[in-house]
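Notes follow once the structure below has been shown.
Just so it is clear, none of the values below were taken in a lab; they were calculated from the coordinates. In this text, all values refer to a predicted model and were calculated from it rather than measured experimentally. Neighbour counts are summed over all protein chains in view; Cβ atoms, including those assigned to glycine, are modelled from backbone coordinates with ideal geometry.
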Amino acid sequence: MSDAIALLWLPFCISVALVGIHTALGLHVLRRNIIFVDLALAQIAALGATVAFMLGHAVNSSGSYAYSLLFTLITAMVLASTRAWSGRISQEALIGVIYVVAAAAAFLLVEKAPQGTEHIKQVLTGNILTAGLDELMVVAPVYAVIGAALWFARARLAHQASGVAGWWWDFFFYACFGVVVTSSVALAGVLLVFVFLIVPAAIGLLYADGARSLVIGWAVGVVASVAGLALSYAWDLPTGSTMVCVFGAVLAVAGALRPLLRGRQALARSVTVLRVVITGVLVLSGIWLCALPRADQPLLDVVERVVPEARTLYLTAQERTIHDEAEAYAERYRRQAEQLNAREAASRWQGAALDDNEVRRISSFLKSYNEMRKGEEFVQREVRSRARTRNRWVLGLALVLCGALIVPWPWWRLRGRQHTGDGQERGRTAGLG
């Protein structure tokens, strides 16, 4: 536990700073309905960093930051100048164009550059674990100043004026946004910055208005950050990508819980939608199995992964024996490959690098283990495919039946309501007669 705290306390502090400023900006973004402006400005900052990279500036250097900030401020001026277009063209269209052009330009610049792919990966996903105390001490005061400026100017920003004054206030907002995004992309990457901006603010507005939405967004963002950091450490996953997925899951959970807090009517609608979705999945999966039994069957694969005993419904005893043996061998080869990878990684971290012969030997064993594992997995797929082809009508029709009966469409309820309405209408007509 002490090792985890020592490693994660600084990324946690950086995440708190990012959540604090991005939630405040996210509320403005959602109210202005310019959802993807963060992605556009973040990609522009990434383009500036890529230009600096091509000119020889180190990643996260002052030169790289200057190029990113310059590109972002120019884009802020463009966005402030095009608000008048919204009468005929949505500003989101321009924002989308800016994003895709900046992304394409960045790819063109690094196409021939050494380590270009790694640079793009770093820009997109970032690596918040490598951010140090020096970076935090620089961005925290910047975030605090911009946060205070946004708070004092909240009334002006909420009321979007026209003319020259409106342009200056729009430029002020986009410039503040650009400074924050430029600093944040260098710390966390484009994708994580986007979820910091949108997810906490969206949950805050989902449950409250005014200052309470900001507080809720801060709390949700901090909790999601802790969960993402903890999961990435426990499962040895890329930190940025893990946090992005956790924030997405938190938004899904918040949306699912809202009907529970709004009353029985909202809950009933949500349950009905869920039943319809489950019905559709079951019916479509059954039809897909009947039509193409040897194709991928996602629903059956998920069920069998969660409940392996489900294979007994269509595999014979001999097929189960072959499948289980192949599964055991595949797992054995996977573990052996992991042990070799762990040995090679441990030698690098401990400073005792392996010689070339040992590295080639490990590579040869890894290749052999991976090939043998793929062969055993092919045996498993072939056994399942043949059994599913033989039983496709039984399994497919069973799925369709489950969709129609176990999780049925509420047609009788709608029909009953229609009959009730018709009866009431006839009663009113008779009363008038």
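Structure data summary
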read-out: Rough spin-label spacing in nm, given labels placed 7 Å along Cα→Cβ, for Leu260 and Leu340; value: 4.7 nm
read-out: Rounded FRET efficiency, nearest 0.05, which uses the C-beta distance separating Val138 from Arg31 and R0 of 41 Å; value: 0.90
read-out: Sites Asn391 and Ile287 - FRET efficiency at Förster radius 22 Å, r taken between beta-carbons, to 0.05; value: 0.90
read-out: Among 145-151, 67-73, the order from most to least packed when residues are scored by Cβ within 10 Å on average; value: 67-73, 145-151
read-out: Sites Ser62 and Arg305 - FRET efficiency at Förster radius 56 Å, r taken between beta-carbons, to 0.05; value: 0.65
read-out: Val277-Val223 pseudo-label distance in nm [points 7 Å out on the Cα-to-Cβ vector]; value: 2.0 nm
read-out: Principal axis dimensions, region 315-390 - Cα atoms, whole angstrom, descending; value: 55, 17, 14
read-out: Simple spin-label estimate for Leu108 and Thr321 in nanometres, 7 Å along Cα-Cβ; value: 6.4 nm
read-out: Gyration tensor (alpha-carbon) shape descriptor, region 183-289, a/c threshold 1.5; value: oblate
read-out: Label-zone membership for region 1-45, site Ala149, 7 angstrom Cα→C-beta point, backbone N under 15 Å; value: 21-22, 25
read-out: Region 1-68 shape via C-alpha gyration tensor axes, a/c threshold 1.5; value: oblate
read-out: Cα-only radius of gyration and Dmax that characterise region 237-312, units Å; value: 17.1, 45
read-out: Mean separation of Cα contacts under 8 Å (6+ apart) over length of region 208-313, as relative contact order %; value: 12 percent
read-out: Highest to lowest packing among 32-40, 176-184, scored as the average C-beta count within 10 Å; value: 176-184, 32-40
read-out: Sorted by Cβ neighbour density within 10 Å, fewest at the top, the residues Trp393, Trp235, Trp288, Trp167; value: Trp235, Trp393, Trp167, Trp288
read-out: Euclidean distance of C-alpha centroids, region 193-212 and region 5-36, integer Å; value: 10 Å
read-out: For peptides 314-321, 377-384, sequence by mean Cβ density within 10 Å, most packed first; value: 377-384, 314-321
